[in-house]
1. Can you tell which of GLN102, GLN122, GLN137 is loosely packed, with under 13 Cβ neighbours inside 10 Å, out of contact with any Gly (no Cβ under 6 Å at 6 or more places or on another chain) and closer than 19 Å to MET67 by Cβ?
2. From the list ASN116, ASN142, which residue is under 21 Å from LEU83 (Cβ atoms) and in contact with a Cys (Cβ under 9 Å, 6 or more places away or on another chain)?
3. Look through the stretch 142-170, keep the residues that are part of a loop (DSSP other than H, G, I, E, B) and hydroxyl-bearing (Ser, Thr, Tyr), and return whichever of them is farthest from TYR55 (Cα to Cα).
4. Give the residues of the stretch 71-93 that are in a loop (DSSP other than H, G, I, E, B) and modelled with pLDDT of 95 or more, sorted by residue number.
5. Go through the stretch 98-141 and count every residue that is closer than 28 Å to ILE33 by Cα, without any contact (Cβ under 8 Å) to a residue 40 or more places away in the chain and part of a loop (DSSP other than H, G, I, E, B).
6. Do you know which of the residues in the stretch 52-70 that are in contact (Cβ under 8 Å) with a residue 12 or more places away in the chain and outside any strand (DSSP E or B) is farthest from LEU91 (Cα to Cα)?
Amino acid sequence: MRPLNFLFAAFLIGGCAIQKSENTDPNTRSIQIHGTVHKPYCGGAKPSPDVAAGYYESMKHEKFKLMSGTELSSAKEVQDVELDVAGNVTLQLEPGNYLLIQSDKLLSTDEFMKLNGPVVEQHYEIKERACFEKWQQTIDLNFTVVGDTIIEMRKQARCFTGTNPCIQYTGPYPP
């Protein structure tokens, strides 16, 4: 390598290393969250064992509120979080306790029910208001930041109603 090229390459690499260290806060940790939903087999033709086990799908573009604390009632909002198309997000957080809650759970109960309740099709039953109030108070993920880590966030879907616990499918079921 020619001396001038070597000097330029060393300067470029050194400059990038300095730039990286200037942007890194030593008080924060890198947290990667990967969100998936397990979707069960919901009937039809006799499945293979793999199909009968269901499958995982990414929580693409799901929106959450990141809050600091351990209890929803006393937690403080930190930032909005949106998962990407693969269900991933990377956050820089200071050590401590955090929780993640679906953004629409922070709406009024009436607005929350309006977004998550209406089913136009027959064969569905919407549960009472108390179910929606209880669902609003459930935390989607709570975690403690100590060091850099990867966190798997998984939800369980039900046949024909997804992750909504306040809608019940009343049939008919596939043969």
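1. From the options GLN102, GLN122, GLN137, the qualifying one is GLN137.
2. Of the residues listed, the single one that is under 21 Å from LEU83 (Cβ atoms) and in contact with a Cys (Cβ under 9 Å, 6 or more places away or on another chain) is ASN116.
3. Going through the qualifying residues, I end up with THR170.
4. Correct list: LEU83, ASP84, VAL85, ALA86, GLY87.
5. 3
6. Only one residue fits best here, namely ALA53.
The values are calculated or read from the model by the stated rules, or taken from the named source; none is laboratory data. Bear in mind the structure is a predicted one, so any value in this text is a computation, not a measurement. Quick reminder, even Gly has a Cβ in these numbers, built from the backbone with ideal geometry, and neighbours come from all protein chains shown.
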